[in-house]
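Coordinate-derived values only; no laboratory data. Since we're looking at a predicted model, the values are computed, not measured. Quick reminder, even Gly has a Cβ in these numbers, built from the backbone with ideal geometry, and neighbours come from all protein chains shown.
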């Protein structure tokens, strides 16, 4: 028996004429993730198979955390599809697994096979009962479902089924620019965008000496964690100090956050355009802070033409935290390093800004020149794929 990782597709099966494109992108994503393990990937419209000589468990975990996959099975490819080969292999597998109830599900894609699917299931149900004393058949709530797939040249057996994370393969729906802060919300927003097939680059605004090197390293770590679900994420680091200080010194305090966010949006849109991104993605949640009221969002959004996608807009904070914990970004997000959005915050920021006032205040500062310099001098980093400790970035 040859041990394999068997992949069942998620929503891809609904794509009909386009399914080939989605499956090929999934294969490319897996090839990039699994290249270091020298895995071999094959596929058809119904299944994908991953074969690897070593590091099986590591490969399995990588596959399990890849978008576009509905289920992952630890499967065994048999030398042939004869009853004797199937029976010997099945007996060997069930002896290694503890269970008290089971059912058998058979798929017979080789219609020339002499037995039909119900007959195969019934036959091998008897095999299990004879060779595993104390177990019983339970077709409604079995502890174990034994899957048998009959193909023309091979048969497959699998007992262990694991739920994938679903969605579309990253890259099938184009590219977006994630406005990645060091907080809890934006990594979750990035994760949800990737789940819908969006390949991400990220933009981070630093403001040294007001923000620390540790704050930047935290964002790079968040990008690395998100990259585990797809492929490495390129991070554009914008030196924002001069713009932020100009705002602090010249703009009425209650409008500082609104003007700052408008500047960030302008820069993010230009970087997105230069890198062929179709959308901006951010972690704004309606009403969570002053800049995230509907009026504030509308006034801030006015400076860009690109669509702005806000995947967590209608989540409350506890829902976002739960998802951050699930995807593994929460512990990094709560590290106590301030970013641009948490410094120079006035006591009473405007919650219903007036567009005309924003346009008036922006004329006080040479923002176009400042934006040009920030973009010209920005840094691009691709976080390490693997690291041992947070200090590796230092």
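The overall shape of segment 282-394 is oblate: from the C-alpha gyration tensor, with semi-axes ordered a ≥ b ≥ c, the ratio a/c is 1.5 or greater and a/b is no larger than b/c. Summed over qualifying helices (DSSP H, 4 residues or more, each -39500 (n - 2.57)) and divided by its residue number, the chain shows a 222 nm mean residue ellipticity of -11500 deg cm²/dmol. Build a GNM of the chain with springs between Cα atoms under 10 Å apart, and of 383, 142, 133 the one that fluctuates most is 133. In segment 1-158, the convex hull through the Cα atoms has an average projected area of 9.9 nm², a quarter of its surface area. Under the classification rounded if a/c is under 1.5, otherwise prolate if a/b is larger than b/c and oblate if not, where does segment 165-204 fall, given a ≥ b ≥ c as square roots of the Cα gyration tensor eigenvalues? Oblate is the answer for segment 165-204, as a/c is 1.5 or above yet b/c matches or exceeds a/b. If you run the Gaussian network model on the chain, springs between alpha carbon atoms under 10 Å, then out of 245, 98, 87 the most flexible one is 98. Rounded to the nearest 0.05, the FRET efficiency derived from the C-beta distance between residue 325 and residue 250 at R0 = 35 Å is 0.30. Set against the 2.2 N^0.38 Å expectation for a compact globular protein, segment 268-339 has a Cα radius of gyration ratio of 1.26. Could you identify which residue out of 180, 86, 26 has the top mean-square fluctuation in a GNM of the chain using Cα springs shorter than 10 Å? Sorting by GNM fluctuation, first place goes to 86. The alpha carbons of segment 175-393 give a radius of gyration and a Dmax of 16.3, 50 Å, in that order. The relative contact order of the chain, computed from alpha carbon pairs under 8 Å that lie at least 6 residues apart in sequence, is 17 percent. Please work out whether the chain counts as rounded, prolate or oblate from its C-alpha gyration tensor, where a ≥ b ≥ c are the square roots of the eigenvalues and a/c under 1.5 means rounded, while otherwise a/b larger than b/c means prolate and anything else oblate? The shape class here is prolate.
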